[in-house]
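One structure is given below, encoded as structure tokens.
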Amino acid sequence: MKTTTFIAAFGLATLAVAQPHRARHLNKHAKKDVVVTIIDTVYAEATAAPEVIVYVNQFGTPVSTVTEGMIAETPSIWSSAVPSTILPSSSSTSTSVVPSSTPTAAPVVAAPVVAAPVQASSVEAAPVEAVAESSSSPAPASTAAPVTTSAAPVASSSASSSSDSEGSGFGFSYSPYNADGSCKTQDQVNTDFAAIPGGYSLVRTYGTDCNQVATVKTAAKAKGLKMFVGVFDLGTLSDEISTIVSAASDDWDLIDTINIGNELVNSGTASAAQVVAAITTAKVLLKAAGYNGKVVTVDTLVAARNNPSLCDASDYCAVNSHPFFDGNTVAADSGSFLTTQIPTLRAVLANKNQEIVITETGWPWQGQTNGVAVPSPANQATAISSIKSAFSSNPEAVILFTTFNDMWKTNSAAQFQAEQYWGFLGNSPSG
């Protein structure tokens with residue numbers, strides 16, 4: 001179906017409840033948080049026309065138009081495989097954006113979007129994501145328009161399986177896709193993991209396509225890592241769980257957590273009640289298959305704060321939070337930004353002692369400036385160092401986003417043209 005979305009910029013106080021990432025990462029997935037809010041969305045009959053996003057200022061005057069890609073109609077977010085007792089109304093639908101172009105060698109510089117002034121706030125900005133990404137059909141990258149032209153971080157050519165004092169126990173996210181969106185082979189995944197240094201204990205993935213549960217499991221086990229495995233689409237919940245069971249049931253001890261949905265409430269793909277029902281169903285299916293580990297859903301910190309039932313239904317509270325998208329936080333304050341946000345979330349939880357894990361956080365090395373947040377290799381290194389320092393006594397509470405650049409994604413103005421450039425080890429060595 002064709003979707004035309006009108007977006008306006010407001011101050012942070014106005015955006016306390018708006019937050020459609022990742023659609024940042026739904027990730028894939030993902031991951032983001034932008035100071036804009038959706039005013040209206042109009043659905044038309046399915047066509048091959050691109051999605052057009054019109055940005056307007058606080059007076060309603062259009063200031064920028066972005067064509068994100070081709071719209072592919074997708075089925076309801078719930079399928080008949082999900083027990084009828086938890087089915088939502090038939091009006092619940094999900095759409096994904098499939099970019100139509102492939103990468104080119106010469107990026108084009110785009111003009112920044114004009115936005116209304118943003119007031120500083122000690123509370124995380126409520127982000128809005130304009131581009132949805134499908135985990136079952138990874139999309140090739142489009143002709144992005146980065147502003148910063150600094151050299152990308154370089155992946156380490158040698159890696160150690162031993163931990164270091166700064167990063168011991170931290171997690172990292174990984175997506176097994178080539179730049180054209182195709183699936184990486186087992187050999188490619190092994191090559192990527194060989195380039196990841198020591199100091200990590202967990203790898204997070206987002207879906208079950210590309211046989212990634214099995215390929216990442218093989219590479220993770222060889223490196224002594226646990227896995228944080230994701231179910232991306234509630235509409236294929238039973239099938240994705242079956243895939244996980246098939247790939248992992250012979251070694252459940254390797255699976256630390258199974259995640260049901262990434263930023264589905266934030267993106268407007270599902271309601272909190274639907275996600276909670278899916279968690280319940282997933283727990284039943286997984287327990288029947290012999291899995292007795294942790295089951296959670298992941299959403300943005302703002303979405304979880306506004307919908308604490310997401311955490312209440314999970315075995316721990318799993319949230320994505322990116323200081324870069326706050327717009328009022330410099331790279332060096334990334335760690336303190338996160339530690340300041342966590343108490344605001346804990347205050348609304350039914351269990352005030354529930355464990356909270358930041359399942360995505362990092363800093364882009366290239367893209368457009370967002371307020372005082374500037375993408376650059378130096379700032380990325382500073383931000384990650386700040387985050388690691390802030391969580392040095394509890395590294396298991398942070399998963400860094402992301403290991404390698406996601407060149408299969410599509411950059412957009414809503415993501416400050418940075419969606420491809422979060423890899424703290426640069427481009428993946430396997431291509």
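The values are calculated or read from the model by the stated rules, or taken from the named source; none is laboratory data. All values derive from a computational prediction rather than experimental measurement. Note that we place each Cβ from the backbone using ideal geometry, even for glycine, and neighbour counts take in every protein chain shown.
Of the listed requirements (1) modelled with pLDDT of 95 or more; (2) over 14 Å from residue 254 (Cβ atoms), residue 202 misses just one: (2).
So, residue 257, is that one at pLDDT 95 or above, outside any loop (DSSP other than H, G, I, E, B) and touching a helix residue (DSSP H, G or I) at 6+ places or on another chain (Cβ under 9 Å) or not? Can you show your working first?
Numbers: at pLDDT 95 or above: yes; outside any loop (DSSP other than H, G, I, E, B): yes; touching a helix residue (DSSP H, G or I) at 6+ places or on another chain (Cβ under 9 Å): no.
Taking the combined requirement at face value, the residue does not satisfy it.
Mind checking whether some residue in the range 326-336 is in contact with an Asp or Glu (Cβ under 8 Å, 6 or more places away or on another chain) and either of a type in the set (A, V, I, L, M) or crowded, with 24+ Cβ neighbours inside 10 Å (or both)? Checking the range 326-336: at least one residue is in contact with an Asp or Glu (Cβ under 8 Å, 6 or more places away or on another chain) and either of a type in the set (A, V, I, L, M) or crowded, with 24+ Cβ neighbours inside 10 Å (or both). Out of 214, 179, one residue alone is surrounded by fewer than 23 Cβ atoms within 10 Å (Cβ to Cβ), outside any loop (DSSP other than H, G, I, E, B) and of a type in the set (A, V, I, L, M, F, W, C). It is 214. Can you work out which of the residues in the range 235-271 that are surrounded by fewer than 23 Cβ atoms within 10 Å (Cβ to Cβ) and among the charged types (D, E, K, R) is nearest to the chain's Cα centre (by Cα)? Applying the filter and picking the extreme gives 256. Cβ-Cβ contacts under 7 Å between residues 6 or more apart (or on different chains), taken from a first residue in the range 190-214 that is closer than 18 Å to residue 226 by Cβ to a second residue that is acidic (Asp, Glu), are listed as 198/164; 199/164; 199/166; 201/396; 202/256; 208/240. Screening the candidates 337, 401 for the property of being under 17 Å from the mean Cα position of the chain (by Cα), closer than 28 Å to residue 314 by Cα and not charged (D, E, K, R) yields one hit, 401.
Entry remark, the range 405-425: residues being of a type in the set (Phe, Trp, Tyr) and farther than 16 Å from residue 378 by Cα number 2 in total. Among the candidates 405, 379, the residue that is polar (S, T, N, Q) and either in a loop (DSSP other than H, G, I, E, B) or crowded, with 22+ Cβ neighbours inside 10 Å (or both) is uniquely 405. Return a yes/no flag: does the range 309-321 have any residue that is part of a helix (DSSP H, G or I) and crowded, with 23+ Cβ neighbours inside 10 Å. Yes, the range 309-321 has at least one match.
Name the residues in the range 358-376 that are within 22 Å of residue 262 (Cα to Cα) and surrounded by fewer than 22 Cβ atoms within 10 Å (Cβ to Cβ), would you? Those that are within 22 Å of residue 262 (Cα to Cα) and surrounded by fewer than 22 Cβ atoms within 10 Å (Cβ to Cβ): none in the range 358-376.
So which residues in the range 187-208 are touching a helix residue (DSSP H, G or I) at 6+ places or on another chain (Cβ under 8 Å), in a helix (DSSP H, G or I) and within 18 Å of residue 408 (Cα to Cα)? Within the range 187-208, 189, 192 qualify. When the range 231-250 is filtered for residues that are at pLDDT below 95 and either within 14 Å of residue 286 (Cα to Cα) or out of contact with any helix residue (DSSP H, G or I) (no Cβ under 9 Å at 6 or more places or on another chain) (or both), the ones remaining, listed by number, are 249, 250.
Looking only at residues of the range 287-307 that are in a strand (DSSP E or B) and polar (S, T, N, Q), we find that the one that is surrounded by the fewest Cβ atoms within 10 Å (Cβ to Cβ) is 297.
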